[in-house]
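Report on the structure given below.
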Amino acid sequence: MDVGRDPRTIGITSTIPVEVVFAAGLAPVDLNNLFMTHGRRRSLVAAAEAAGFPLNFCAWIKGIYGACKHYSIQRVIGVVQGDCSNTHLLFEILEEEGVEVVPFEYPPGRDASRLKASIERLASTLGTDLASAEASRLQMQPLREKLETLDSMTWREGRVTGRENHLWLVNSSDMRGDRYRYETELDLFLAEAAGRPANHAPLRLGFLGIPPIVDDIYEALEQRGAQVVFNEFQRQFSMPGAHRCIVEQYLTYTYPYRTALRLADIKEETAKRKIDGHVHYVQSFCYRQLQHRAVKKAAGVPVLALEFDRPGRLDGRSITRIEAFIELLEARRLRAVKRGQEGS
Ligand code: SF4
């Protein structure tokens, strides 16, 4: 798909009820993914800085802006409640520069009737309705179940790597603009992965927080003997679990609401997936950094916070911190094994 020229293209900057977009016959394009798949993503950040975005400002916002301009995206759905204030200002700038911004709100307090009204407004603006979006949701349910299978093949079977899990789930926000093709490609991937040997590394890690802006973090963890078996927000983007309707589905989504909902999800998955420790990715200049205290307290296992600013590869200091963290987890694991042997 030639994103800029295709009149069906509509950019998104965060996960929204994508069923509405498909019901309207449009092609969603997640600008975060467009930014990260661009061959020279630093140049998109640099373009935003040249346009006046400050150096000490979230690079995701600059990358989204750069991608929007580079691909000449004309229309964007903007989450004006339930995402950060930086994105609100981004929408003002885009509107000033001629991009049509369609607002969408996740209501504070997870109010079901307000969320329903918000989805209805979005549907009406895009030329469809709630019933069509619901029909679209039901059609997409088998695809979402396959994403759960992929996730299960990551943490139960070890046939899917943490990086593969990250890429498939992060792409579920827009289904790469074409849900049918995405599903066909997913079918092929699952068939190939099913034929792999099971791989269970001694250390099991979770990856918390927003998707990373750096390239090689999964490799750095997995090459050192740890297996990433949980990608928190990426899994949220895939809308796991059974829901009775579209409103319930987007009420269960933890990203836009209070931290407590996130913590409950992290605690449940940490126990279920037998996770030894978490890496909590925090973006420089992001308000979500403040959530680290609560995440660390609630996780029940050691948590390493890693902060990065712009696209690129891991720096030496971060690699040293990762190595020290893995050594710590390994020592804890061996102590637990020893205790188990002494107790038996
Ligand atoms: S990383 Fe934080 S500041 Fe940047 S766009 Fe995401 S939520 Fe906003």
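Where a number appears in this text, it was derived from the coordinates with a stated rule and is not lab data. Being a predicted model, the structure only gives us computed values, none of them experimental. Methodologically, a virtual Cβ is constructed for each residue, glycine included, from the backbone with ideal geometry; neighbour enumeration extends over all protein chains shown.
Of Glu342, Glu268, Glu323, Glu248, all but one fail to be assigned to a helix (DSSP H, G or I), away from the ligand (no atom under 16 Å from the Cβ) and under 22 Å from Ala220 (Cα atoms); the exception is Glu323.
Considering the range 1-78, the qualifying helices (runs of 4 or more DSSP H), each wholly inside and each with 1 or more residues that are β-branched (Val, Ile, Thr) and within 13 Å of the ligand (Cβ to nearest atom), run over 41-50, 59-70.
When you look at Tyr253, is it buried (at least 19 other Cβ atoms within 10 Å of the Cβ) and without any contact (Cβ under 8 Å) to a residue 60 or more places away in the chain, yes or no? No; evaluated as a whole, the condition is false for this residue. Among the candidates Lys62, Lys69, the residue that is charged (D, E, K, R) and crowded, with 24+ Cβ neighbours inside 10 Å is uniquely Lys62. Considering Ala260, Ala331, Ala305, the condition of being in a strand (DSSP E or B), more than 25 Å from Met153 (Cβ to Cβ) and small (Gly, Ala, Ser) is satisfied by Ala305 alone. Being free of Cβ contacts under 8 Å to residues at least 40 places away in the same chain and among the small types (Gly, Ala, Ser) is not true of Ser132.
Which of the numbered conditions does Thr128 fail, given that it passes all the others? Conditions: (1) surrounded by 15 or more Cβ atoms within 10 Å (Cβ to Cβ); (2) more than 16 Å from the ligand (Cβ to nearest atom); (3) in a helix (DSSP H, G or I); (4) among the hydroxyl-bearing types (Ser, Thr, Tyr). Exception for Thr128: condition (3).
Among all residues of the range 80-91, there is none that is free of Cβ contacts under 8 Å to residues at least 24 places away in the same chain and more than 16 Å from the ligand (Cβ to nearest atom).
Residue by residue, here is whether (1) closer than 24 Å to Asn86 by Cβ; (2) among the acidic types (Asp, Glu) holds:
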site: Cys286; (1), (2): yes, no
site: Ala294; (1), (2): yes, no
site: Glu307; (1), (2): yes, yes
site: Gly312; (1), (2): yes, no
site: Ser318; (1), (2): yes, no
site: Arg339; (1), (2): no, no
site: Glu342; (1), (2): no, yes
